[in-house]
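Have a look at the structure below, then the notes.
The values are calculated or read from the model by the stated rules, or taken from the named source; none is laboratory data. Owing to the predicted nature of the structure, the values given are computational and were not obtained by experimental measurement. Counting neighbours? That spans all protein chains shown, and the Cβs are built from the backbone with ideal geometry, glycine included.
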């Protein structure tokens with residue numbers, strides 16, 4: 001099983017609050033994991049108090065996408081950072097980008 005290793009990505013930059021993302025076998029691709037792709041996949045409290053949130057929208061929809069966002073001051077209506085993708089490789093890069101963006105702009 002090949003999983004998304006969020007701890008390796010965030011290092012000491014945050015604390016994992018919720019993580020269903022790491023339980024998914026990404027080697028099976030999107031189609032074979034669609035039942036596990038939901039709006040609440042990952043939440044990380046970052047060192048500056050912001051929140052990294054990752055989800056699949058709409059839940060379990062093959063036409064969906066990953067949403068990667070940084071929430072500042074608990075303002076979920078206006079994310080500080082928001083990107084979307086629909087591939088595992090892109091997700092990895094966008095999570096790294098989101099964390100870097102948060103550090104550079106906090």
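If you check residue 88 against the conditions, is it under 14 Å from residue 41 (Cβ atoms) and at pLDDT below 95? The answer is yes for residue 88. Looking only at the stretch 59-86, count how many residues are on the phi < 0 side of the Ramachandran plot and either surrounded by fewer than 13 Cβ atoms within 10 Å (Cβ to Cβ) or assigned to a helix (DSSP H, G or I) (or both). Final tally of qualifying residues: 7. Suppose we keep only residues that are in a helix (DSSP H, G or I) and within 17 Å of residue 51 (Cα to Cα) within the stretch 9-38. Which one would you say is modelled with the highest pLDDT? Applying the filter and picking the extreme gives 21.
Among residues of the stretch 39-55 being assigned to a loop (DSSP other than H, G, I, E, B) and within 11 Å of the chain's Cα centre (by Cα), the one that is surrounded by the most Cβ atoms within 10 Å (Cβ to Cβ) is 41.
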